[in-house]
Amino acid sequence: MASSETPIQQLAEAARSMQEKDSTVEMLDEAVVAATEIIEGCDLAGMSIVNPDGIDTPAGSGAALRRIDELQFELHEGPCFDALRKDEVVLARNLATDERWPTWGPRVVEEIGVQSIVSYRLFTTKDTLGAMNLYSRTVDAFDEDDVANGEALAAHVAVALADAQNVTHLETAINVRTVIGRAEGILMERFDLSPAQAFAVLRRVSQDRNVKLNRVAAELVRTRETPS
């Protein structure tokens, strides 16, 4: 991004660039780069994502960022948790003295040299998707303009992330439906069944084995062995 561009122009370009990425991780990596380039004082950035098993950080500024998040997850305190559960924007001007995180704050100051942070909830009208965390090695590094620019970037990231996840879910659903259809076809040909009858067989085996129907179908397609 050219240095002559205004933050608004940089944010617009970052939004377009994120939409062009082929995978969720590539999109989040682009968001990390954009944060460190657009937000004054931002030395490290990370994108934490909510998943069925908890929270992870698939994109961030190297090993230092990973250690920062490890400490949050180990200690169960930190701005990422607060951004997800309490406030949409969480600002800490001095982590060494911030009373909200009495253990985590001094630890990251001592181990990583990070002094201040602003965290943003990544959300849409329907879901909370994760958090964008921006760190600085300077005390009180983020002024009002920085916080506002970060909030605009977080909104772009949330929309791009929701789109990427929707595509992934759609592709997964299509793949599952394809496997089930192939399994139905095998049963229909082998036993002269109707589509409804073949699906009923798969569903009954799924219930009897307490295994998801798509796994029963995948096993049939892979082994060509008729379920008992």
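The values are calculated or read from the model by the stated rules, or taken from the named source; none is laboratory data. As the structure is a computational prediction, the values presented were derived from the model and not from experiment. Don't worry about glycine lacking a Cβ; one is built from the backbone with ideal geometry, like all the others, and counts go over all protein chains shown. Surface areas here come from the heavy atoms of the whole protein model, side chains and all, with no ligands, DNA or RNA. Shrake-Rupley method; radii C 1.70, N 1.55, O 1.52, S 1.80 Å.
May I ask you to list pairs of residues, at least six apart or on different chains, whose Cβ atoms are under 9 Å apart, with the first in the stretch 105-117 being under 12 Å from ASN133 (Cβ atoms) and the second being hydroxyl-bearing (Ser, Thr, Tyr) and part of a strand (DSSP E or B)? Matching pairs, first to second residue: VAL108/TYR135; VAL114/TYR135; VAL114/SER136; SER116/TYR135; SER116/SER136; ILE117/TYR135; ILE117/SER136.
Condition check for GLU110 on (1) of a type outside the set (A, V, I, L, M, F, W, C); (2) outside any loop (DSSP other than H, G, I, E, B); (3) open to solvent by less than 30 Å² (accessible area, probe 1.4 Å): one failure, at (3).
Taken together, the residues in the stretch 22-54 that are touching a residue at least 24 places away in the same chain (Cβ under 8 Å) and out of contact with any Cys (no Cβ under 7 Å at 6 or more places or on another chain) amount to 22. Checking each residue in the stretch 43-88 for being within 22 Å of VAL159 (Cα to Cα), open to solvent by 40 Å² or more (accessible area, probe 1.4 Å) and of a type in the set (A, V, I, L, M, F, W, C) picks out VAL50, ILE55.
Condition test on GLN207, is it among the polar types (S, T, N, Q) and modelled with pLDDT under 80? Taking the combined requirement at face value, the residue does not satisfy it.
Screening the candidates LEU91, LEU95 for the property of being in contact with a helix residue (DSSP H, G or I) (Cβ under 7 Å, 6 or more places away or on another chain) and open to solvent by 40 Å² or more (accessible area, probe 1.4 Å) yields one hit, LEU91.
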